[in-house]
Amino acid sequence: MGHDSRSSDRNRDNPASERTNLTYGVGAEYPEESASKGEHALLLRKAGFISGIEITTYGGHAILSPELTWQGHELLDTIRSKAVWERIKTTAKEKGIELTFDSVKVLGKMALDWVLAN
């Protein structure tokens with residue numbers, strides 16, 4: 001079979017086709033330098049912030065074709081503002097709160113109210 005350059009041109013112009021080829025994994029099958037991304041992808045999936053196909057093999061665990069969920073989009077919207085993100089970090093530090101997904105969501109609402117009031 002020959003190489004069809006039209007197919008690769010279509011894939012290059014279509015961001016969705018690029019997204020479907022993403023895989024983030026942890027284990028022997030995956031490069032060591034991407035292990036952090038793989039670990040974070042697995043945590044984000046467990047927390048419900050991304051969806052994707054979870055793959056488990058003898059070589060490790062991975063997420064294939066990750067996509068943001070509605071909850072993931074809401075979290076990003078909350079922390080997108082630099083002022084809100086800084087307020088989240090400051091409040092967490094002052095109160096001795098660890099920055100987990102749940103605490104960021106709660107603190108994000110408080111920080112947004114604070115930013116809007118000041």
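The values are calculated or read from the model by the stated rules, or taken from the named source; none is laboratory data. Every value quoted in this text rests on a predicted model; they were computed, and no experiment measured them. For neighbour counting, all protein chains shown are included, and Cβ atoms are generated from backbone atoms with ideal geometry for every residue, glycine included. When the accessible area is computed, the model is the full protein with side chains, heavy atoms only, and any ligands, DNA or RNA have been set aside. Shrake-Rupley method; radii C 1.70, N 1.55, O 1.52, S 1.80 Å.
General remarks:
- Per-region count, the stretch 51-107, residues of a type in the set (A, V, I, L, M) and within 15 Å of the chain's Cα centre (by Cα): 9
- Subset of the stretch 35-53 [without any contact (Cβ under 8 Å) to a residue 24 or more places away in the chain, surrounded by 14 or more Cβ atoms within 10 Å (Cβ to Cβ) and touching a strand residue (DSSP E or B) at 6+ places or on another chain (Cβ under 7 Å)]: ALA35, LYS37, GLU39, LEU42, ARG45, ILE50, SER51, GLY52
- Scanning the stretch 54-69 turns up no residue that is polar (S, T, N, Q), open to solvent by 50 Å² or more (accessible area, probe 1.4 Å) and either in contact with a strand residue (DSSP E or B) (Cβ under 6 Å, 6 or more places away or on another chain) or modelled with pLDDT of 85 or more (or both).
- Qualifying residue in the stretch 76-90 (condition: part of a loop (DSSP other than H, G, I, E, B), under 28 Å from ASP113 (Cα atoms) and charged (D, E, K, R)): yes
- The set of residues from the stretch 94-118 being exposed (fewer than 14 other Cβ atoms within 10 Å of the Cβ) and not in a helix (DSSP H, G or I) comprises GLY96, GLU98, LEU99, THR100, ASN118.
- Boolean, THR78 is touching a residue at least 24 places away in the same chain (Cβ under 8 Å) and within 22 Å of VAL106 (Cα to Cα): yes
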